[in-house]
Amino acid sequence: MSDDCIFCMICEGKLPSSKVYESDTLYAFLDLNPVHKGHTLVIPKKHCENILDCDPAIGQDVLTAMQRIGEALKKVTGCTGINVMQNNGRSAGQMVFHLHWHIIPRFDEDGLKLWPQGKYDSMDEMNATAEKLRKELA
Ligand code: AMP
Ligand code: ZN
C-alpha cells in the first residue's frame, strides 16, 4: 500500500470502483473514462509503479486475467477485438503511478487510430540500435 495511491485505495475498498474481476494477486475494474464502454483496468494488489519495478512472477496471473476478461468483454459488449495498453512513465502517458493494464474493447471500423509509426534513417542505424540493445541484454 502506498499512502497516497488511488489504485491502492480502490483495491482496498477505500475508494469506490466498478469491480469486474478479482484474484489473490489482482483486481480489475472499469475505467471511469472509457475508450469504449467495458474498458477495464487490471492492477496488481501489491503496489508497484510500473512494469520496470514489478515482480515478474505476476505475469502468468495477468495473462490469465486478460484472457478471461477479454472473453467476457467479447460476450458482453460484442467487441471483435481487444487492445491491451500499458503506460510506463509520464512521457509514455502514465497518469496513475500504480501499475495497470488497459483492456480496451474494439469494434470493426470504430475509427480509433493507434500511434503513427516512423522509419529508421537506414538499415545501418536499425542494426546498430539492435546491436546496442543485444549488448545491454547479454
Ligand atoms: P494511465 O494514463 O495509463 O495512467 O491511465 C490511468 C487511467 O485511470 C485513466 O484511463 C483514467 O481514466 C483511469 N482512472 C483514474 N482514476 C480512476 C478511478 N478512480 N476509477 C476508475 N478509473 C480511473
Ligand atoms: Zn498503489
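The values are calculated or read from the model by the stated rules, or taken from the named source; none is laboratory data. Just so it is clear, the structure is predicted and the values come from calculations on it, not from any experiment. No Cβ is skipped: glycine too gets one built from the backbone with ideal geometry, and neighbour counts run over all protein chains shown. SASA here: full protein model, heavy atoms, side chains in, ligands and nucleic acids out. Shrake-Rupley method; radii C 1.70, N 1.55, O 1.52, S 1.80 Å.
Which of the numbered conditions does Asp108 fail, given that it passes all the others? Conditions: (1) free of Cβ contacts under 8 Å to residues at least 12 places away in the same chain; (2) of a type in the set (Asp, Glu); (3) outside any helix (DSSP H, G or I).
(1)
Within region 97-120, work out how many residues are surrounded by 15 or more Cβ atoms within 10 Å (Cβ to Cβ) and either within 16 Å of ligand 2 (Cβ to nearest atom) or of a type in the set (Phe, Trp, Tyr) (or both). Before you say what the answer is, go through the steps one by one.
Filtering region 97-120 down to residues surrounded by 15 or more Cβ atoms within 10 Å (Cβ to Cβ) leaves 97-106.
Going one step further and asking which of them are either within 16 Å of ligand 2 (Cβ to nearest atom) or of a type in the set (Phe, Trp, Tyr) (or both), we end up with 97-101.
Residues flagged as surrounded by 15 or more Cβ atoms within 10 Å (Cβ to Cβ) and either within 16 Å of ligand 2 (Cβ to nearest atom) or of a type in the set (Phe, Trp, Tyr) (or both) within region 97-120 amount to 5.
Listed residues Glu49, Glu71; which is open to solvent by 60 Å² or more (accessible area, probe 1.4 Å), modelled with pLDDT of 95 or more and away from ligand 2 (no atom under 16 Å from the Cβ)?
Working: Glu49 fails: away from ligand 2 (no atom under 16 Å from the Cβ).
Exactly one of Glu49, Glu71 is open to solvent by 60 Å² or more (accessible area, probe 1.4 Å), modelled with pLDDT of 95 or more and away from ligand 2 (no atom under 16 Å from the Cβ), namely Glu71.
Considering Asp61, Asp4, Asp55, which residue is more than 16 Å from ligand 2 (Cβ to nearest atom), over 27 Å from Trp115 (Cα atoms) and surrounded by fewer than 16 Cβ atoms within 10 Å (Cβ to Cβ)? Talk me through it step by step, then tell me what you get.
Values: Asp4 fails: more than 16 Å from ligand 2 (Cβ to nearest atom); Asp55 fails: more than 16 Å from ligand 2 (Cβ to nearest atom).
After applying the criteria, what remains is Asp61.
State yes or no: is Lys37 within 16 Å of ligand 2 (Cβ to nearest atom), of a type in the set (Lys, Arg), open to solvent by 60 Å² or more (accessible area, probe 1.4 Å) and touching a residue at least 12 places away in the same chain (Cβ under 8 Å)?
Values: within 16 Å of ligand 2 (Cβ to nearest atom): no; of a type in the set (Lys, Arg): yes; open to solvent by 60 Å² or more (accessible area, probe 1.4 Å): yes; touching a residue at least 12 places away in the same chain (Cβ under 8 Å): yes.
Criteria not met by Lys37.
Search region 90-105 for residues that are closer than 19 Å to Gly70 by Cβ and pair each with any residue that is within 16 Å of ligand 2 (Cβ to nearest atom) and open to solvent by less than 50 Å² (accessible area, probe 1.4 Å) when their beta-carbon atoms are under 6 Å apart and the residues are at least 6 apart or on different chains.
Within 6 Å, the pairs are Leu99/Pro44; Leu99/Cys48; Leu99/Asn50; Leu99/Cys54; His100/Leu41; His100/Ile43; Trp101/Val42; Trp101/Gln86.
Could you say which residue among Val76, Val42 is touching a residue at least 24 places away in the same chain (Cβ under 8 Å) and closer than 20 Å to Phe7 by Cβ?
Working: Val76 fails: closer than 20 Å to Phe7 by Cβ.
Step by step, each of Val76, Val42 is checked, and only Val42 is touching a residue at least 24 places away in the same chain (Cβ under 8 Å) and closer than 20 Å to Phe7 by Cβ.
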